[in-house]
Each structure stands twice: as structure tokens, then as C-alpha cells.
Amino acid sequence: MSEPALEALEARLNELEERVSTLEEENEELRQTVESQREELTEYREKLDTQTTKRDAAADHRKHLQQRLHALESENKDTEDTDQSIKTRSPLQQLVGLPAKLTEKLTANQERARFIAQDIREYATKVPAGFAIDSACIRRILNAREGQTPHTQTVTRVMEFLDRLGKDDVRVIKRRGTKRVIFTEGAVSELAETDSSPRGITDVVMGWT
């Protein structure tokens, strides 16, 4: 083989060796890329499995909460009317409507106010604004009930209770030097119709001592 032919062959071999080296390098890069993508895919699958598990757990928890809510709604259905009734009654009505076993929680002045409000139609005098009872009358009622004349401050506190707990239907006025508690006709009628079924004592009632 002539020398030019040998040189051409050697050049071709060198070219092929370079090409093979290049392909091997590209193949290694491709292998590394594939491996990296495989790891990413595995990571994505693990994240997806975790999210699926959390989603299923959340769905189960939501279903459980819905079941509990339904059960509570069913249990409370029978008491809704009673709760609504309590909300619409004034604190004074609630005080009058307390059953005997709950009156032990009352202070002495709360019990005195309750005693007077229970029979306010009998104790009060009819006036244009409704019914009125003055401090002297309250003093006589408490004296007859307890066997001793109550202190002036006691009478004042009882009148304040009636005023505060009666809301807009009861107010204290002072006329000619004498304090009077004025009840609207509606308030007197409602107090007369108030029963003593089991009720709770509101914060408004217990907040006054």
C-alpha cells in the first residue's frame, strides 16, 4: 500500500476514534440524564402517593365531621324551640321562671326582686303607663315576707334589679320625692304567664349582686 494511502487510512482511523470517543461521552451524558430523570420520576411518584394519602385522609375526616354534625343537629333539634324561647324572654322573665331548685344560686336581693315580680299584678297599681309600685310598697312587702323592715339600700337594689332585668319594659322614675318602678302592661302579662319549667340563669341575671 502506498504511503499516501496509509496516511489516508491513519487519518480515517483517527477520525473514527474521535467519533467513537465523542459518542461514548454523549452516551454517558445521556445515561446520566436518564438516571437523573428516573430519580425525579421516583420523587414525583412518592410526592403523589403522599398527597393522595393526605387527600384520602382529609376526605375521611370531613366525612366523619359531617356525620358528627348530623348527629349533633339531630340531638339538638328537640331543644331548639326551648333555646329560642329562652332568647326571647327578658332576664326578669327568666328570673321569675326559675324552678325552686335553681333559686339557691340567687343572691338575697335577686330573690327579693323575683318574689315581687312573680305577683307584680297584685302588688302594683294601674297607671296610664302600665303598672307602678313605689319604694314604700316594696318595703311593706319585704317587711311582711321577712318579718323585719328592709334597709333603704336593700329596697333601692331590688328596684334596680327590676329595672335592669326588665329591659325596656321596666323603668325606675322619681316623682314627688318617691321612687317608683313602672311596668308596661305587656311586661306584667308576660310575668303572670311565666312558668317555672327548667331554665338556665343568664349572665345578665347573675351579673348583678
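Read the figures in this text as sums done on the coordinates, not as results from a lab. Keep in mind that what you see is a predicted model, and the values were worked out from it rather than measured. Every residue, glycine among them, receives a Cβ derived from its backbone with ideal geometry; neighbour counts consider all protein chains shown.
List the aspartates and glutamates whose Cα sits under 19 Å from the Cα of K101, skipping any in the same chain fewer than 8 residues away.
E111, D195, D203
Quick one: what do you get for the chain if you divide its Cα Rg by 2.2 N^0.38 Å? Please list the in-between numbers first.
On the way: Rg = 44.6 Å, N = 209, 2.2 N^0.38 = 16.8 Å.
Rounded to two decimals, the normalised Rg is 2.66.
Roughly what would the spin-label model give for R31 and D168, points 7 Å off Cα along C-beta, in nm?
Taking the simple label geometry, R31 and D168 are separated by 8.9 nm.
How much length is gained if the chain between L16 and L72 is pulled fully straight, taking 0.36 nm per residue apart and subtracting their Cα-Cα distance, in nm to one decimal?
11.9 nm
Which of these, S21, S74, S36, has the largest mean-square fluctuation under a Gaussian network model of the chain (Cα springs below 10 Å)?
S21
Could you give the size of the charge dipole of the chain about its Cα centre, using +1 on the Cβ of each K and R and -1 on the Cβ of each D and E, expressed in debye and rounded to the nearest 20? Walk me through the intermediate numbers first.
Working: 33 positive and 40 negative charges, 925 e Å.
Dipole about the Cα centre, nearest 20: 4440 debye.
So what is the relative contact order for segment 38-168, in percent, with contacts set as C-alpha pairs under 8 Å and at least six apart?
Details: 58 pairs, mean separation 31.2, N = 131.
Once normalised by length, the contact order is 24 percent.
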